Amino acid sequence: MAGLPSLNDDQMKLVQDLEIEMMSDMYTRMTNSCHKKCIPTKYKDSEIAKGEAVCIDRCVAKYWEIHERVGKKLQNMSAQDEEALKKMAAQQGLVK
């Protein structure tokens, strides 16, 4: 949780709970999507076939890759917004 201002215990708990909720939601979406994409609706065997396992591995890898890319992009955007706010505050301090 780098980059967060100092938070009190209640705020930190809220941030942690939100992060857990977001990861749980992402995991559920990934599971449902990859299952729908890779496992046929009519089961022929009780075991996962090699092709299904490969499909699931690739699907999960793509989900994680995109999750990381989006996270980095959001971090960059947040840093840029924070920098812009600091500049505006500095300019307002000079104008007054």
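The values are calculated or read from the model by the stated rules, or taken from the named source; none is laboratory data. All values derive from a computational prediction rather than experimental measurement. All Cβ positions, glycine included, derive from the backbone under ideal geometry; neighbour counts span all protein chains shown.
Residues are listed down the side, and each one gets a yes or a no for (1) exposed (fewer than 11 other Cβ atoms within 10 Å of the Cβ); (2) under 22 Å from the mean Cα position of the chain (by Cα); (3) among the polar types (S, T, N, Q); (4) at pLDDT below 90:
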{"position": "D10", "(1), (2), (3), (4)": "yes, no, no, yes"}
{"position": "C34", "(1), (2), (3), (4)": "no, yes, no, no"}
{"position": "I39", "(1), (2), (3), (4)": "no, no, no, no"}
{"position": "A53", "(1), (2), (3), (4)": "no, no, no, no"}
{"position": "C59", "(1), (2), (3), (4)": "no, yes, no, no"}
{"position": "Y63", "(1), (2), (3), (4)": "no, yes, no, no"}
{"position": "K87", "(1), (2), (3), (4)": "yes, no, no, yes"}
Which numbered condition I48 misses (of (1) surrounded by 10 or more Cβ atoms within 10 Å (Cβ to Cβ); (2) in a helix (DSSP H, G or I)): (2)
